1. Order 242-254, 107-119, 259-271 from most to least packed using the mean count of other Cβ atoms within 10 Å.
2. Order the peptides 202-210, 98-106 from the highest to the lowest mean number of other Cβ atoms within 10 Å of their residues.
3. Treat each spin label as a single point 7 Å out from the Cα along the C-beta direction, and report the residue 62 to residue 191 distance in nm.
4. From the helices alone, meaning DSSP H stretches of at least four residues, give me the mean residue ellipticity at 222 nm for the chain, per-run term -39500 (n - 2.57), in deg cm²/dmol to the nearest 500.
5. For the chain, find the longest principal axis of its Cα atoms and tell me its angle to the long axis of helix 72-82, 0 to 90°, nearest 10.
6. What's the extension gain from residue 264 to residue 229 if we count 0.36 nm per residue and subtract their Cα-Cα distance?
7. Set the Förster distance to 30 Å, then compute FRET efficiency between residue 83 and residue 170 from the Cβ-Cβ distance, nearest 0.05.
8. Tell me whether the range 173-271 comes out rounded, prolate or oblate; compute the Cα gyration tensor, take square roots of the eigenvalues as a ≥ b ≥ c, and use a/c under 1.5 as the rounded threshold.
């Protein structure tokens, strides 16, 4: 049985606990949940996401794997605290949506820890432990960025047991690509929803006309600001590059809106490989 400590029991941390405690894994994992609030620990125990709960990182001292599932701007500092606590051969991994900045921040302690950068490409627009699900990682991609093969294989096995499919790439490449596939769509959703709220102040009837397309494109705009603000700040350079490209394409549509032939051509360009 592997001892796993999950630091941060939000949607991802709670879901990982639920997945690793599923009956199909037959008690392969003992989960210690570490959170800031007693109420969170109480609920995690109630739903079976953890075997025990704690308010202190000290509880990770006997862990084989520690998974940090907190906002990206806290991961490096938690790593630096954990090296004072965990046993020598413990593996520390994370679930952060940005990888290169974290690796850069822990560069000075890398020889003291076995860190495996990981990012589960999973989650829902809701936040918090109440939205956790044992099925959230099933067939989801988890990016592994570490080059430490032994530790990497152990961390990858844990994510596979949770139901995920492993993808390996460098931290820089991950941050560049995820800026387009995940971060930019969230920027667009937040901006569109903000615009909607401004319009609604003058035209409250707009709610009677928000159908499937609007709801789909703004679905993730209710995502946690505490989680997404640090992601944008950490990966701003890559996001800006794609945001500039996106604005360029918006301007093409804007210029051609009154020309049926040209706008049709632009639409067809989006639908062809």
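1. Values: 242-254: 12.4, 107-119: 17.7, 259-271: 10.5.
Sorting 242-254, 107-119, 259-271 by mean packing, highest first, produces 107-119, 242-254, 259-271.
2. Taking the mean over residues of other Cβ atoms within 10 Å, the ranking is 98-106, 202-210.
3. About 5.2 nm separates the two model spin labels.
4. Working: 11 runs with 126 residues, N = 273.
Result for the chain: -14000 deg cm²/dmol, rounded to the nearest 500.
5. Once rounded, the angle reads 10 degrees.
6. Values: separation 35, 0.36 × 35 = 12.60 nm, distance 3.65 nm.
That works out to 8.9 nm of additional length.
7. Calculated transfer efficiency: 0.80.
8. On the way: a/c = 2.20, a/b = 1.12, b/c = 1.96.
Oblate.
Read-outs: derived from the displayed coordinates by stated rules, not from any lab. These figures come from a predicted structure and were not determined experimentally. Cβ: placed from backbone, ideal geometry, glycine included. Neighbour counts: every protein chain shown.
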